[in-house]
Amino acid sequence: MASEIVVALSTFPDVETARRIVREIVEYHLAACGNIVPQVESIYRWEGKVESNNEALVIFKLPRERYEEFENKLRTLHPYDVPEILCFPVSGGSADYLVWVGEVCAR
């Protein structure tokens, strides 16, 4: 039976930081892959002010059973005080791809 797969999103201050962290997450088998979107503009409220910054967005794919370990590792690697880490269940997709995600992250 295939694992339940989730997609997790996180933003990073730049592509180099995102690349370094994604590589480590994938090397630890905590995500099958991470797609780096090199530039997104983020507008947000921080410490009482509205801020605007360019960031890199990463889209991670991983089995739900690895999510807690993934999030803990990402928090230790992430440079932000309060990193954006969002998780969404995958309700469908290419069966072969979803099986691959589960297999790549299996221990």
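Below is a table of values for the structure above.
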| item | result |
| --- | --- |
| Carbon/sulfur fraction of accessible area - the chain, other protein chains in place, 1.4 Å, % | 52 percent |
| Accessible area of Val50 in the full protein assembly, 1.4 Å probe (Å², nearest 10) | 100 Å² |
| Heavy-atom accessible area ranking, 1.4 Å probe, most first, across Leu57, Leu74 | Leu57, Leu74 |
| Listed residues Ile85, Ile36, Ile59, most fluctuating in the chain (Gaussian network, C-alpha, under 10 Å) | Ile85 |
| Within a Gaussian network of the chain (alpha carbon springs, distance under 10 Å), most fluctuating of Ala32, Ala18, Ala95 | Ala95 |
| Solvent-accessible heavy-atom area per residue, rounded to whole Å², over the chain at 1.4 Å | 61 Å² |
| Probe 1.4 Å - accessible area at Trp46, Å² to nearest ten | 100 Å² |
| Nonlocal amide H pairs with Ile5, under 5 Å, H built at 1.01 Å | Arg64, Val90 |
| Alpha-carbon centroids, segment 88-107 and segment 19-56: separation in whole Å | 22 Å |
| Candidate values [x] 42, 30, 23; [y] 48, 25, 22; [z] 45, 41, 20, label of the one derived for Cα extents along the principal axes in Å | [y] |
| Student exercise, the chain dipole from Lys, Arg, Asp, Glu Cβ charges, in Debye to nearest 20 | 100 debye |
| Residue of Tyr97, Tyr80, Tyr44 that the Gaussian network model of the chain assigns the largest fluctuation, springs spanning Cα pairs under 10 Å | Tyr44 |
| Tilt relative to the chain, helix 15-27 - C-alpha long axis, 0 to 90 degrees, to 10 | 30 degrees |
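The values are calculated or read from the model by the stated rules, or taken from the named source; none is laboratory data. These numbers come from a predicted model, not from an experiment. Using ideal geometry, Cβ is built from the backbone for each residue, glycine included, and neighbour counts are taken over all protein chains shown. Calculation scope for accessible area: heavy atoms of the full protein, side chains included, ligands and nucleic acids excluded. Shrake-Rupley method; radii C 1.70, N 1.55, O 1.52, S 1.80 Å.
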